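Heads up, the thing below is written out as structure tokens.
The values are calculated or read from the model by the stated rules, or taken from the named source; none is laboratory data. All values reported here derive from a predicted model rather than from experimental measurement. With ideal geometry, Cβ positions are generated from the backbone for all residues, glycine too; neighbour counts draw on all protein chains shown. In case anyone asks, the SASA skips ligands and DNA or RNA and just uses the protein heavy atoms, side chains included. Shrake-Rupley method; radii C 1.70, N 1.55, O 1.52, S 1.80 Å.
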Amino acid sequence: MCGIIGIVTKRREGQTAEIAVECLDRLSYRGYDSVGVATLGDNLEVVKMKGKVEDFSHKFDVNSIRGKVILGHTRWATHGPPTDYNAHPHTDCSNSIAVVHNGTIENFRELKAELEMLGHKFKSQTDTEIIPHLIEEFKRRGMDSFSAFKATVNAIEGTYAILAVIRGDNRIYFAKKYNPLVIGIGEDTNYISSDIPSFLPYTKTIVVISDDEVGYLTADSPLNGGVYIEHKGEKIEVNDRIKIINWDAESASKEGYRHFMEKEIMESPRSVKETISGLLADIDEVMKAVKILKDSRRILIVGAGTSYHAGLLFSILLQREGINAIPVIASEYYNYRTSTDDSILAISQSGETLDVRLAIGKFKAEGSKIISLTNVIYSEISRQSDVSLYTSAGPEIGVAATKTFTSQVASLLLLWSAIKDEDFSYLRNAHIVVEDSLSLSGKASAFGEELAKQSNAYFLGRGLSLPLAMEAALKVKEIAYIHSEAYPAGESKHGPIALVTQGFPVIFINGEEDLGLQDNVQEMKARGSKTYSISINKSLNTDREILIKVNDKRLFPLAIAPLIQILAYRSAVIKGTDPDKPRNLAKTVTVR
Ligand code: F6R
């Protein structure tokens, strides 16, 4: 996955590294195995280490790192374990070229062998290190820097967002295929990064780079040639691409909360409100999606992790209407064959997840129409879609999806009502349901505190509560490192109940009153389980209970979502894990 940043400035040299490290901190949700920066002034200097951005700031005097052109990288290891040597940036033999890269180079072994035959010496086990050596090799053969960079990009196969600095000019060279890259235009400083939030405090003026584009960035304004982009040899008119985004910088900072995760859960009412008003303002686009979905023989709903759970909930809503809706775990896309009669709804917060992109690539080639629901404007997945819908949750920095999940669910409720030709004005009050539910967060925290003492837990639900139970189990597992599993409550008798002994925690998610959960509670109690429930409107008589009153039952998932997130968050805090950066995970998964 990895996060990359490049900054080129006309300002005093001293501040730039500090800003780069700050941008890297906001990018570190993309990976936090190692961190490094390269600065180009009179010399090229590289400082890098295994560890997180905060460790980097403690170890190095960032203010003393000088240069007007800076590259930075935060890594999620793919090729080579997380070590100081494998940390980016990587350099060539003569220490004149530095490169940061997000992605994977498939033909790196062959290229490395060829370069070694030509005398190049490698210091790391990464695929990325071939890039500076290739640029060096092409320069040795007489090419200018940009030509050498382009020749390198032509030689590599795989997925990439690459930034390079080359001694001799004050440019950042860039290339993109599959992995995201966006330029931020500042006053006397320009930025190029994996995502917008990293440079959001400095500029909201952006240029999104598309696949197969290469170019370079200087500190000049685009009007004075500061941004040059080419696609397959053709120059791109940059000024036509400039966009202003409406995210605010505060949304990318913790604003006094201990963790982004907590702050982002608390932002859910606002995110849901803005999502609904955003979709209503873009109702023509919503209705285009609705028409496609209604005209389809089958609807495949594709997503990974939390987004899959939102899709599963939507598929149940549609199936209950007699619509042929199939929830698809994105990474298992090859099991499905679609046709021109089918449509695809791709759900992805980041709009980048590779498995989702591969799935829609296949289904599009089979003739299906693609609708996407993402939280990132101009994201890769949106650009691959026939109709792009957005949640307006604002940037989400915590690795665990929280406010974006609640906003996805709100969006899907709107689509569901539109498909049924139902008046969807009730969704204007959706955020109040989330707000009211958050007033019970103390109780959810208390559940979390008890759960933190356990090593295992079951989350059980029926009907629409099952995807919520699955989401709760995923959250608890990924941030509190407690082994938790979700099952359809009825299914728990067919195996899982064997693990239940005295005090084993079973948490019931009870959104729909009359589906039979009551019996399952009794079965668990009879085996000594400690029973908990999060229930809507009617008590389940568990040992511990949170009872939420929701007047419009259609909105109940929006009441449960923030409480399961709080429960997981509190367990993580009590256990002392970092909920914003759970081990081995990254927020954006751009590998298979
Ligand atoms: C869990 C979580 C992940 C993501 C998954 C898909 O809290 O955040 O399971 O939901 O990686 O990501 P997107 O939605 O960006 O495609």
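Computed over neighbours whose Cβ is under 9 Å from that of R544, the net charge equals -1, Lys and Arg +1, Asp and Glu -1.
Surface exposure of the stretch 3-250, expressed per residue as accessible area with a 1.4 Å probe, stands at 39 Å². Accessible surface computed residue by residue for the stretch 439-577, with neighbouring protein chains in place and a 1.4 Å probe, gives 37 Å² per residue. When each of the peptides 223-232, 18-27, 571-580 is scored by how many other beta carbons lie within 10 Å of its residues on average, the order from highest to lowest is 18-27, 571-580, 223-232. Helix content alone sets the calculated 222 nm mean residue ellipticity of the chain: runs of n ≥ 4 DSSP H residues at -39500 (n - 2.57) each, divided across all residues, give -10500 deg cm²/dmol. Computed on the stretch 254-436, the Cα convex hull volume stands at 104 Å³ per residue.
Principal axis extents of the Cα atoms in the chain, from largest to smallest and rounded to whole angstrom, are 77, 50, 43. Which values of log₁₀ I(q)/I(0), to two decimal places, follow from the Debye formula for the stretch 162-251 at q = 0.16, 0.18, 0.19, 0.26 Å⁻¹ with a uniform point scatterer at every Cα? Result of the Debye calculation: -0.60, -0.76, -0.85, -1.51.
The C-alpha atoms of the stretch 3-250 occupy a region whose extents along the principal axes are 50, 45, 32 Å, arranged from largest to smallest. A simple count of charges around N510, restricted to other residues whose Cβ falls under 11 Å of its Cβ and scoring Lys, Arg +1 and Asp, Glu -1, yields -2.
Extension gain for N107-S57 works out to 14.5 nm (0.36 nm per residue, less the C-alpha to C-alpha distance). In the chain, Cα pairs under 8 Å separated by at least six residues give a relative contact order of 12 percent.
Shown here for the stretch 346-427: GluC sites (Glu not before Pro) in loop regions (DSSP other than H, G, I, E, B) with at most 12 other Cβ atoms within 10 Å, namely E422. Kirkwood Rh over alpha-carbon pairs of the stretch 111-158, then Stokes-Einstein at 4 °C and 1.567 mPa s: what D in µm² s⁻¹, rounded to an integer? D = 120 µm²/s. Here the stretch 515-592 has 46 percent of its accessible surface on carbon and sulfur atoms, given a 1.4 Å probe and all protein chains in place. Helix 556-575 and the longest principal axis of the C-alpha atoms of the chain enclose an angle of approximately 60°. For the residue pairs K493/K538; K362/K475; K52/K254; K273/K420, the alpha carbons lie more than 28 Å apart in K362/K475.
Look at where the Cα atoms of the stretch 300-334 and of the stretch 67-122 average out, and the two centres are 39 Å apart. Between 0 and 90 degrees, the angle of helix 403-419 with respect to the longest Cα principal axis of the chain falls at about 60 degrees. Computed over protein heavy atoms with a 1.4 angstrom probe, the accessible surface ordering of S484, S253, S455, largest first, is S455, S253, S484. To the nearest 10 degrees, how steeply does helix 305-319 sit against the main Cα axis of the chain, on a 0 to 90 scale? The angle comes out at about 50 degrees. In the chain, a dipole from Cβ-located charges (positive for Lys and Arg, negative for Asp and Glu) runs towards its positive end, and of T588, Y390, T531 it is T531 whose Cα lies farthest in that direction. For the chain, the Cβ-based charge dipole about the Cα centre amounts to some 720 debye (Lys, Arg positive; Asp, Glu negative; other atoms uncharged).
When the Cα positions of A430, I360, T374 are compared along the charge dipole of the stretch 336-487, I360 comes out farthest toward the positive end, with charges on each C-beta of Lys, Arg, Asp and Glu. Geometric descriptor of the stretch 439-577, per residue, is 87 Å³ (volume of the convex hull of the Cα atoms).
With a/c under 1.5 counting as rounded, go ahead and sort the stretch 172-319 into rounded, prolate or oblate using the C-alpha gyration tensor (a ≥ b ≥ c being the square roots of the eigenvalues; past the cut-off, prolate if a/b is larger than b/c, else oblate). It is oblate, given that a/c is not under 1.5 and a/b is not larger than b/c.
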